[in-house]
1. As a test of the definition: which semi-axes, in Å, follow for the stretch 271-403 when you take the square root of five times each eigenvalue of its alpha carbon gyration tensor? Largest first, please.
2. With all distinct Cα pairs included, what does the Kirkwood hydrodynamic radius of the stretch 73-184 come out to in Å, to one decimal, could you say?
3. Sort out for me the Cα centre separation of the stretch 507-545 from the stretch 307-336, rounded to whole Å.
4. Within the set of other residues whose C-beta is less than 15 Å from the C-beta of His316, count the net charge using Lys and Arg as +1 and Asp and Glu as -1.
5. With a 10 Å radius around each residue's Cβ, average the other Cβ atoms per peptide and rank 527-540, 68-81, 402-415, highest first.
6. How far apart, in nm, are two points set 7 Å out from the Cα along the Cα-to-Cβ line at Ala37 and at Ala14?
7. Can you order the peptides 234-240, 104-110, 31-37, 355-361 by their average number of other Cβ atoms within 10 Å per residue, highest first?
8. With the contact rule set at Cα under 8 Å and sequence spacing of 6 or more, what percent relative contact order holds for the stretch 307-409?
Amino acid sequence: MSDQKPSANETIKASSNYLRGTIAEGLADTSTGAMPADDQQLLKFHGTYQQDDRDLRSERRKQGLEKAYSFMVRIRVPGGVATPAQWLEVDRLATSLANGTIKLTTRQAFQFHGVIKGNLKETIARINRTAMDTIAACGDVNRNVMCNPNPHLSTVHADVLRLSQAISDHLTPQTRAYHEIWLDGEKLESTEEDHEPIYGKTYLPRKFKIAIAVPPSNDVDVFANDLAFIAIIEDGKLAGFNVAVGGGMGMSHGIATSFPRIADVIGFCPADRVVDVAEKVVLVQRDYGDRTDRKHARLKYTIQDRGLEWFGSELHRYLGYDLEPAREFRFDDNGDRYGWVEDASGNWHYNLFVQGGRVLDTPAYPLLTGLREIAKVHTGDFRLTANQNLIIAGISPEKRPEIEALLDRYGISDSHRQSGLRLGSLACVALPTCGLSLAEAERYLPDLLTELEEVLETHGLRHDAITIRMTGCPNGCARPFLAEIGLVGRAPGRYNVYLGGGFAGQRLSKLYRESARSEELRALLEPLIAQYARERHDGERFGDFCIRAGHVEATVQGPDFHLNLKPGALTAR
Ligand code: SRM
Ligand code: SF4
């Protein structure tokens, strides 16, 4: 920890009157499509980011116009569950007030892009009218709580979903600013000061993320979270959760003090203590997280700096009791179960693959329209997965033919019949909306996959599951450091290539090639894929193979992520 003064964002939060700032005034100013700089920081807590269309930047600059400003709006969906009515409203908003697409994110949320300032209030108000919200979807607070979305996988699913919603509710900011600013006619006239019992006036030092996994599926990539709960099922019942802390993906190229880290398992808690444990972990981070340097403010750095032992004893002090020893668990993979699956009660679930999580209509593939027609007749719900996919869940046997006919009519029924590599792919948004992207991701990965599919075909691996994730920068929004192949934007058309991540998201990958040009990626990966096809052991995963074959070393935690360790010097986690 440094002795420096608090970062600028701390001052903005402290003087914002519980996140109000001058947002209301900024929204009313029609002379610009942008918001004042400080309010842009506060808007994140309300679930929206100011962006501009980066494809248009230079043209607009030449014409002397201000940037093409618009807003990204993120809808919180705890556990990823949305009703058909909610889906239909999301669709209406996307097509009437946003850019005509729905983005399913890597944290089971919906995102709109391209909402102009004049439409922001209506968008957020309408989201709230369908019993969803955007508060705390972004900002220095606890974010959307993820949980395994597959009800058919486990009988304890309902319990786990309920708990993820309970954690989410408990950690939602209490400020009335959200209601005042966005929900017309609900301005509270009370003179009482707001009160944030958990966060206080300056909220958290940085974003905070929680996920719950239900083994053997690690489809939420639980180790990428600040706080992770791993369900322990004994005798078919939920016994409680292993608790893991200190995960996070983001780093900056060339800055060795920033690094991805996977969460460490520190113990076990019974199910009825999970909300309390979540609160106290948040409080430890609230009180000890670094508020001077936002690049060093996540829980992973608090733990890395002070040690896991320190964290354990501090957590004990806040809780007033000890966690129990961690229990056995095993993860098989971090992907989705595609296609049709029947659950114990005879209902059906269809997990479709959504390329890059982007739901839109193209002449060849009217996915948005197809899902709209399904939502009109569907009596179950929709489940967003952490792999940017969608489950049409809870389809009764009587309803299945009708849903199947619609899937066929709109060309969706084959969505899960893709190569194993494509099904295991994730791409973050990147260009043109993300202000931090250094290279393409969502718009480029599909083409790269088509090239790599030719390679897989040649080597007989078309149906083998391999995880590949691309991001436009090292912030890691598609968790590339937990993929078997991670491609991380470095500059336009250039990517750092990471290999050796664990197939179950249990091990970080390692840098294999720096700043490879996009035209080189196929040639760079082909020999590895060919060698894997020839030399792999029975059941050996591509990531494990890359380490055994000596292409990359096994990773270790913390700053050592950047060290070029000799193979075998340290063991894989
Ligand atoms: Fe992310 C920032 C998109 C999941 C780590 N992320 C951003 C912003 C808001 C860019 C910005 O700050 O200006 C991106 C908006 C792009 C756009 O145009 O929509 C953005 N992140 C996304 C999404 C939409 C990617 C996607 O394609 O699905 C995901 C939305 C999740 C959600 O629904 O809440 C998304 N971001 C993640 C994840 C994955 C996860 O949480 O499992 C990570 C890695 C885990 C982690 O937090 O360490 C992630 N995003 C970041 C970071 C690095 C944070 C760090 O402390 O290291 C940033 C940059 C920042 O916060 O300064 C960032
Ligand atoms: Fe933007 Fe980088 Fe996140 Fe991709 S990884 S969405 S480029 S911040």
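Just so you know, all these numbers are worked out from the coordinates, no wet-lab data involved. Given the structure is predicted, the values throughout are model-derived calculations rather than measurements. Every residue, glycine among them, receives a Cβ derived from its backbone with ideal geometry; neighbour counts consider all protein chains shown.
1. On the way: eigenvalues 362, 87, 35 Å².
They are 43, 21, 13 Å, listed from largest to smallest.
2. On the way: mean 1/r = 0.0681 Å⁻¹.
Every distinct Cα pair counted, the radius reaches 14.7 Å.
3. 33 Å
4. Details: positive: Arg273, Lys280, Arg306, Arg317; negative: Asp276, Glu279, Asp287, Glu309, Glu314, Asp322, Glu324.
Every neighbour counted, the sum reads -3.
5. Details: 527-540: 13.2, 68-81: 23.6, 402-415: 17.1.
The packing order, highest mean first, is 68-81, 402-415, 527-540.
6. 1.9 nm
7. Details: 234-240: 13.0, 104-110: 25.7, 31-37: 14.9, 355-361: 21.1.
So the order, starting with the most tightly packed, is 104-110, 355-361, 31-37, 234-240.
8. Working: 104 pairs, mean separation 24.8, N = 103.
That works out to 24 percent.
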